[in-house]
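One structure below.
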Amino acid sequence: MRLLALVLLVLALLGIGTGCTSVHVTRAYNGVRVDGGRRPSATVEVENSGWFLLTFIPIASGNPQSPNEVSCRWFSDTVTVSNNIKVLKDVMRRERVTEVANLTTHCTDEKYLVFILARRAYHTSAVLLKPEPQSTVESKK
């Protein structure tokens, strides 16, 4: 119990005791096209991370409802691919985009203090595609 209290105190003092959900959007394409000749609208990168005791007991995780804010979910595991996809869908709604290309997800796991403390993060990225012009859509029918 003393060890757990010490670990939590160290985390609080170092300022790394919270999880984080972040979203980064870029539009730097300079006329580049993706497969099929489609034009990209933006690239989105979603990261959701959290801290775990003994790799499976959640301490703090990112808050997918409040990305890019200082907000976390205590003692709850929100570090999942499905939460990253929900955040991506929110970005797609804001950008008025319905299609994506190059959707990828990977996980990183970091262990500290001989597996007592672990940080896990899921990274999801996708290229948002601009809607096809109506004339192109009608000609395909």
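The values are calculated or read from the model by the stated rules, or taken from the named source; none is laboratory data. Model, not experiment: these values are computed from the prediction. As a convention, Cβ positions derive from the backbone with ideal geometry for all residues, glycine included, and neighbour counts pool all protein chains shown. The accessibility values were calculated without ligands, DNA or RNA, using every heavy atom of the protein model including side chains. Shrake-Rupley method; radii C 1.70, N 1.55, O 1.52, S 1.80 Å.
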Problem - Filter result for residue 69 (in contact with a His (Cβ under 8 Å, 6 or more places away or on another chain) and either closer than 29 Å to residue 119 by Cα or in a strand (DSSP E or B) (or both)) - result: no
Problem - Unmet requirement for residue 41, which otherwise passes all of (1) part of a loop (DSSP other than H, G, I, E, B); (2) under 18 Å from residue 23 (Cβ atoms) - result: (1)
Handout entry: Test result for residue 87, open to solvent by 40 Å² or more (accessible area, probe 1.4 Å) and either among the hydrophobic types (A, V, I, L, M, F, W, C) or modelled with pLDDT of 95 or more (or both)
Key = no
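If you check residue 131 against the conditions, is it over 26 Å from residue 1 (Cβ atoms), in a loop (DSSP other than H, G, I, E, B) and either open to solvent by 80 Å² or more (accessible area, probe 1.4 Å) or touching a Leu at 6+ places or on another chain (Cβ under 6 Å) (or both)?
Taking the combined requirement at face value, the residue satisfies it.
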Practice task
Residue by residue through segment 90-128, note down the ones that are under 13 Å from residue 43 (Cβ atoms) and open to solvent by 80 Å² or more (accessible area, probe 1.4 Å).
Solution key: 102, 103
Exercise for the section: Can you tell me which residue within segment 85-127, out of those that are aromatic (Phe, Trp, Tyr) and part of a strand (DSSP E or B), is nearest to residue 29 (Cα to Cα)? Expected result: 122
Practice task
With the condition kept exactly as written, say whether any residue in segment 35-50 is basic (Lys, Arg), open to solvent by 40 Å² or more (accessible area, probe 1.4 Å) and more than 30 Å from residue 1 (Cβ to Cβ).
Solution key: yes
Problem - Qualifying position, being open to solvent by less than 30 Å² (accessible area, probe 1.4 Å), in a loop (DSSP other than H, G, I, E, B) and at pLDDT below 90, among 17, 31 - result: 17
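A quick yes/no check of all residues on (1) in contact (Cβ under 8 Å) with a residue 40 or more places away in the chain; (2) in contact with a helix residue (DSSP H, G or I) (Cβ under 9 Å, 6 or more places away or on another chain); (3) among the basic types (Lys, Arg):
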| site | (1), (2), (3) |
| --- | --- |
| 58 | no, no, no |
| 70 | yes, no, no |
| 78 | yes, no, no |
| 86 | no, no, yes |
